[in-house]
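A.B. asks: My questions all concern the structure below.
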Amino acid sequence: MFDVLKKLGWFFKKYKKQYGIAVLLLMLATVLEIIPPYLIGVIIDYITEGEMTRDLLIQYVAVFLGIIIFSYMLNFFWQYGLFEGSVNLQRLMRRKLMSQFLRMTPTFYEKNRTGDLMARATNDLNAVSLTAGFGIMTLIDSTFFLGGIILAMGFMISWELTFFAMLPVPVMAILIQYYGKLVHERYMRAQDAFGEMNDSVLESVSGVRVIRAYVQEKADEQRFADMSEDVFEKNMHTAKINALFNPITTIGTGISYIVALGYGSVLVANGDLSVGQLVTFNVYLGLAVWPIFAIGELINVMQQGNASLDRVQETLNYEADIMPPTKPLAVDKPHTLQFQELTFQYPTSKVVNLSNINLSLRSGETLGIVGKTGAGKTTFIRQLLREYPLGEGGISIDDIDLSQQTKEQVLDWIGYVPQSHVLFSRTIKENILFGKEDATDEEIEKAIDLAAFTKDLAYLPLGLNTLVGEKGVSLSGGQKQRVSIARALIKDPDILILDDSLSAVDAKTESAIISNIQRERAGKTTIITTHRLSGIQHADQIIVLDNGVITQVGTHDDLINEDGWYKEQYVRQQLEGANS
């Protein structure tokens, strides 16, 4: 049950001073709570014996007030320290998770559902945080406070009466331990179901247009209702076990009260106990109710916290597929880029995705990559971006293998515009500045002009300050592409990669963007993958990929003069252009 505290040992060690003071103050506060019931018994005995005087009553009232004020101060400080610690734990764990998410490669996200990751970053972190605050409090209350009350009842009143009154406690502890294990198992299942539902909701929201287009609203509602019902049922299974904790402690404490009143009355009648002592004993028994309840709460919180921490730790312990080199080599600028006998296969693929790629590209050259759908164009780009571990053969920049360079150094040279354009729910200006945060207004204007987006801004309600909405929903496909291109161009990268990034713009706009890139990027490397050959006719080198193999290499003029896929595609596109 207490495994979760061992697993969080690093955190308690880091905040040992804060937790030490908070726990010490909590213990002191519990000791103070034991004093008033004893004083009540003494006062009752004074009254029953007719010995209570005005001065004595004032003294006891003053002591009571002092204890109340001091306890209030102690409770404030220990609660502040303890629950501040739980918030700190949540903050640290959330930062660790976010850092892990940003470090992970596509393989990680292929294995983990987004909804489940969100559940771990929210519900599971809340459960872990609860352990570090409320869990520690219930631990002290169920051990130190309960122990203190039992000792007070035994030493100050009667060990015999205490023994019989506490007989139900071991039985309660055994039952609570058993039900605690059930809580752990059922809570894990409930959290997994919640993660699946989260993932389903994210998919539905992202694909709402497709759902509406195919009139699948009712089917999607039903699917969500079924998943929601599953989450409800699994949480109810957990709640049923949780609901058993209170009845167990209620029945146990009820039996203790019956024993205390029954046997206590006998002791009073025999003269072994005073009326005041019996009242004090029953007040102590009343105080013991919460610590006994706390045993159940403690097991519940610890089991849920342990289950949640295991889920979070599973994510944090995931090893990145691409590890940084132990002794990285620095390169000033990427003057040459070489692919030598590169062969690559995705971890989940059954076929080789790139085979024997040989290519050399110098600074200032433009490389065009074409081929039918699924030929390996994006896979080629992903190798340069280090999204997956390097395959056999090698990629080198200035004769230094990519594996000997840090990923950050390589990506710092690259401006990348992917096929699936990712825009953040911010303004157009903020999305462009993502490429260069300290860019001036002149640089922004230039990047927009190079991306042929200037005219479009005039039609947008707030120009550069127009909010693009979730994933750029308020913009057209072509506008999203050009904002993404502007974001890459404002960085002025040494290597610009356009991965089929002009597919949603018309031929005239495409021609304008290509001309701008040619003019402004003289002396810098550009790599373009495309299905429209018009976008790469100016390229210094064009490769044709087919099933991950380079089948043709040359310039545009070379390739249209030899039989092959490139010539066939060029003729077809020319005919389509003439017919349109």
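A.B. asks: Out of every Cα pair in segment 336-579, what percent are spaced more than 26 Å from each other?
C.D. replies: 41 percent
A.B. asks: While we're looking at this one, here's another question. Once you have the Cα-Cα distance between LEU102 and PHE77, take 0.36 nm times their residue separation minus that, and quote the gain in nm to one decimal.
C.D. replies: So the chain would gain 5.3 nm between LEU102 and PHE77.
A.B. asks: Separate question: Going by how many other Cβ atoms sit within 10 Å of their own, how do VAL544, VAL42, VAL61 line up, fewest first?
C.D. replies: Least to most surrounded, the residues fall as VAL61, VAL42, VAL544.
A.B. asks: When TRP78, TRP413, TRP10 are ordered from fewest to most other Cβ atoms inside 10 Å of their Cβ, what list results?
C.D. replies: The fewest-first ordering by Cβ neighbours comes to TRP10, TRP413, TRP78.
A.B. asks: For segment 134-254, just the Cα set please: Rg and Dmax, both in angstrom.
C.D. replies: Spelled out, the Cα radius of gyration and Dmax of segment 134-254 are 23.5, 78 Å.
A.B. asks: Separation of segment 343-391 and segment 28-47 by C-alpha centroid, Å?
C.D. replies: Cα centroid of segment 343-391 versus Cα centroid of segment 28-47: 79 Å apart.
A.B. asks: Same structure, new question: Per q in 0.20 1/Å, what log10 I(q)/I(0) does a Debye calculation on the alpha-carbon atoms of segment 260-418 return?
C.D. replies: Summing over Cα pairs of segment 260-418 leads to -1.30.
A.B. asks: While we're on this one: Return the distance in nm (one decimal) between the two label points of a simple spin-label model at GLU51 and ASN317, each offset 7 Å from Cα along Cα→Cβ.
C.D. replies: The answer from the label model is 6.4 nm.
A.B. asks: Loop-only chymotrypsin sites (Phe, Trp or Tyr not before Pro) in segment 189-266, please: DSSP not H, G, I, E or B, and at most 16 other Cβ atoms within 10 Å.
C.D. replies: For chymotrypsin sites (Phe, Trp or Tyr not before Pro) across segment 189-266 that sit outside H, G, I, E and B with at most 16 neighbouring Cβ atoms in 10 Å, the list reads TYR214.
A.B. asks: Please tell me the relative contact order of the chain in percent, rounded to the nearest whole number, where contacts are Cα pairs under 8 Å and at least six residues apart.
C.D. replies: 15 percent
A.B. asks: For segment 441-468, list residues with backbone N below 20 Å from a point placed 7 Å from the Cα of ALA512 toward its Cβ?
C.D. replies: Within reach of a label on ALA512, which here means backbone N under 20 Å from a point 7 Å along Cα→Cβ, segment 441-468 contributes 442-466.
A.B. asks: Among PHE344, PHE380, what is the fewest-to-most ranking by other Cβ atoms within 10 Å?
C.D. replies: Listed from fewest to most nearby Cβ atoms, that is PHE344, PHE380.
A.B. asks: What Kirkwood Rh does segment 192-243 have if only Cα atoms enter the pairwise 1/r average? Answer in Å.
C.D. replies: Mean inverse Cα-Cα distance, inverted, gives 12.0 Å.
A.B. asks: Just the ratio, please: alpha-carbon radius of gyration of segment 498-562 over 2.2 N^0.38 Å, N its number of residues.
C.D. replies: Ratio of Rg to 2.2 N^0.38 Å for segment 498-562: 1.15.
A.B. asks: Moving on. Can you tell me, using C-alpha contacts under 8 Å and at least 6 residues apart, the relative contact order of segment 336-579 as a whole percent?
C.D. replies: 27 percent.
A.B. asks: Hey, another quick one. Along Cα→Cβ, 7 Å out, is where each label goes; now give me the distance between the ones at PHE164 and LYS455 in nm to one decimal.
C.D. replies: 9.8 nm
A.B. asks: Follow-up. Please list the radius of gyration and Dmax for segment 452-577, considering alpha-carbon atoms only, with Å as the unit.
C.D. replies: 16.5, 51
A.B. asks: What's the Kirkwood radius of the chain in Å, using all Cα pairs?
C.D. replies: 30.0 Å
A.B. asks: If the chain between GLU562 and ASP398 were fully stretched, how many nm would it gain, using 0.36 nm times the residue separation less the Cα-Cα distance?
C.D. replies: 55.8 nm
A.B. asks: Let me ask something else about it. Would you give the gap between the C-alpha center of segment 175-215 and the C-alpha center of segment 457-532, rounded to a whole Å?
C.D. replies: 38 Å
A.B. asks: I would also like to ask the following. What is the Rg over Rh value, at two decimals, for segment 3-316, using alpha-carbon atoms and the Kirkwood definition of Rh?
C.D. replies: Dividing the radius of gyration by the Kirkwood radius yields 1.12.
A.B. asks: A further question on this structure: Cα-based Rg (one decimal) and Dmax (whole number) for segment 97-158, in Å?
C.D. replies: My reading of the Cα-based Rg and Dmax gives 21.6, 68 Å.
A.B. asks: Expressed as a whole number of Å, what is the distance separating the alpha-carbon centroids of segment 99-134 and segment 401-422?
C.D. replies: What the calculation gives is 26 Å, centre to centre.
A.B. asks: Counting pairs of Cα atoms in segment 425-501, how many percent are more than 14 Å apart?
C.D. replies: When every Cα pair of segment 425-501 is considered, 57 percent fall beyond 14 Å.
A short reminder: the numbers here are calculations on the coordinates, not readings from a lab. Values in this document were obtained by computation on a predicted structure and should not be read as measured data. In this analysis, Cβ positions are derived from the backbone assuming ideal geometry, glycine residues included, and neighbour counts consider all displayed protein chains.
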